[in-house]
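> The structure that follows is given in the form of structure tokens.
What follows is calculated from the coordinates using simple rules that are stated; it is not laboratory data. Given the structure is predicted, the values throughout are model-derived calculations rather than measurements. Because the Cβ atoms are built from the backbone with ideal geometry, glycine has one as well, and the counts that use them run over all protein chains shown.
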Amino acid sequence: MTTITIPDGNTISVTSFDNNSYLVQANTQLVIANGGIVSGLITVTGNPAGRGGGNLEVQSGGTALNTIVSSGGYTRVSGAALNTTISSGGNLEVDAGGSALTTVVSSAGNMYQASGGYVSGLTVSRGGQVQIGGTATAIVDNGGGDNVFSAGTAVGTVVVNGGSESVNAGGVASGTVVSGGNQFVKPLDDIEITAISSV
């Protein structure tokens, strides 16, 4: 297995199984197309000179198995992303039809989930922020926050140790457990909330 650093200004496309690792820096792009699977570590990051971040695009039918996104790096998932860590200003977008499984968002990382996107095994902590517009299951811990938008559904969320969950009009929170965290519902009469418990 080799680590491939994508040259400045270049895009690499993966269309089959690939066990290499990739470094995706500012002004570069990695595209995992239909049928492509990258099993090595993908590191998507920015640039100290402020040129913005690298870009990873996981298209429908593509799969990224291990990804770290930080420092202005950006990842867009219409396929599947497993074992993803978002931190230090990194960004993850899960589009309609996309899936993110086992994701950690922390340390000023950000995740946006569109309607029709699926997120499972999500952990949000230490200043990480998540916008839920599809269906998600999450643990929100230690200063992390999730925001359930209209058409968003948070199922079995555990909010602990200073974490927070906000549920907006049209959003659904089902089976939420709050223990040492906070849940904010606004406005109450427009939101479907089921099975909330505090421990």
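> Just name the residue that is surrounded by the fewest Cβ atoms within 10 Å (Cβ to Cβ) out of those in the range 111-164 that are in a strand (DSSP E or B) and either acidic (Asp, Glu) or in contact with a Lys or Arg (Cβ under 7 Å, 6 or more places away or on another chain) (or both).
Among them, the one singled out is Asp141.
> Let me confirm something: among Gly73, Gly54, which residue is in contact (Cβ under 8 Å) with a residue 40 or more places away in the chain and farther than 24 Å from Tyr118 by Cβ?
Exactly one of Gly73, Gly54 is in contact (Cβ under 8 Å) with a residue 40 or more places away in the chain and farther than 24 Å from Tyr118 by Cβ, namely Gly54.
> If I ask for residues that are under 18 Å from the mean Cα position of the chain (by Cα) and not in a strand (DSSP E or B), which ones from the range 1-50 would you list?
Once the filter is applied, which keeps residues that are under 18 Å from the mean Cα position of the chain (by Cα) and not in a strand (DSSP E or B), the range 1-50 yields Thr45, Gly46.
> Is there any pair with a first residue in the range 168-187 that is under 11 Å from Val148 (Cα atoms) and a second that is acidic (Asp, Glu) and surrounded by fewer than 18 Cβ atoms within 10 Å (Cβ to Cβ) whose Cβ atoms are under 6 Å apart and which are 6 or more apart or on different chains, and what are they?
Cβ pairs passing all conditions: Ala169/Asp190; Val172/Glu192.
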